[in-house]
Structures are given as structure tokens and as C-alpha cells.
Amino acid sequence: MIDTTIYVNVANQSYSYIPLGEPCEFKLKMDEEKARIFELLFLQLNSLEFDNIVRAHLPYIPYHLDETNDEIDTRLKKIYALIHEFGDNHTKQFVAQLPYFH
């Protein structure tokens, strides 16, 4: 399989094959099929965050007991695991020091 360069911006929940006007947080080398995993995870995050907004307006469900928050954390862990796997050494060091990986 041919490795493709992709540019990932976790904060904006986006990735692209060319550097766009927005700054990318990570530059990765991976094949296109694996790159589509980012799209799926970002779509799931977007949906979960919408559910979280709705939950925020229901005072009888405490934030710390909301399973949606755990699902969001799980998706972020998967995103950063992919970034760690396909990033360069500098990227791997950065991801390894994140709280998700301690």
C-alpha cells in the first residue's frame, strides 16, 4: 500500500490530504484506507458532542455520571493512538506525554 501524507487537526475535528488554510496539528504518513478512520471517529465525536449539549440542559444527569463523556474520551484516545502510530518521533513523544497515555 502507498503511504499518503495527511494533515490532522484534532481541535477542528478535520483531516485533509493537502495543507489547507488552517494550521494542522499533525502531519502523518498512512495509507488512504486507514486515513478514513479519522473521518469516522470525527463524525462519531461530533454526534456525541451534540448529545452532550442536550444532556447539559438536563440538570438531573450529573456531568460526571454521563456515559457520553466516557465515549468522547474513548474516541479521543483512539484518535491520538492513530496519531501516535503514524506520526514521526516528535509526534510520538508529544502524544506519549498526554494524560490519556499515563
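What are the pairs with Cβ atoms under 6 angstrom where one residue, in the range 1-23, is in contact (Cβ under 8 Å) with a residue 12 or more places away in the chain and the other, located anywhere, is among the aromatic types (F, W, Y) and surrounded by 13 or more Cβ atoms within 10 Å (Cβ to Cβ)? Sequence gap at least six, or different chains.
Note: pairs meeting the criteria are I6/Y15; V8/Y15; V8/F26; Q13/F42; Y15/F38; P19/Y7.
If you scan the range 1-21, which residues turn out to be farther than 14 Å from F42 by Cβ and in contact with a Phe, Trp or Tyr (Cβ under 9 Å, 6 or more places away or on another chain)?
Of all residues in the range 1-21, those farther than 14 Å from F42 by Cβ come to 1-5, 17-21.
Scanning the range 1-21 gives D3, T4, T5, Y17, I18, P19, L20.
Being within 11 Å of I79 (Cβ to Cβ), in a helix (DSSP H, G or I), out of contact with any Phe, Trp or Tyr (no Cβ under 7 Å at 6 or more places or on another chain) and in contact (Cβ under 8 Å) with a residue 40 or more places away in the chain is the filter here, so list the residues in the range 24-40 that pass it.
Correct list: I37 only.
Among the residues of the range 65-102, what is the count of those that are at pLDDT below 85, in contact with a Lys or Arg (Cβ under 6 Å, 6 or more places away or on another chain) and within 27 Å of D3 (Cβ to Cβ)?
Qualifying residue count for the region: 1.
Just to be sure I understand, how many residues within the range 83-92 are buried (at least 20 other Cβ atoms within 10 Å of the Cβ) and assigned to a helix (DSSP H, G or I)?
Initially, the range 83-92 is screened for residues buried (at least 20 other Cβ atoms within 10 Å of the Cβ), giving 83, 86-87.
Filter again for assigned to a helix (DSSP H, G or I), leaving 83, 86.
Selection size over the range 83-92: 2.
The values are calculated or read from the model by the stated rules, or taken from the named source; none is laboratory data. Just so it is clear, the structure is predicted and the values come from calculations on it, not from any experiment. Backbone-built Cβ (ideal geometry, glycine too); neighbour counts: all protein chains shown.
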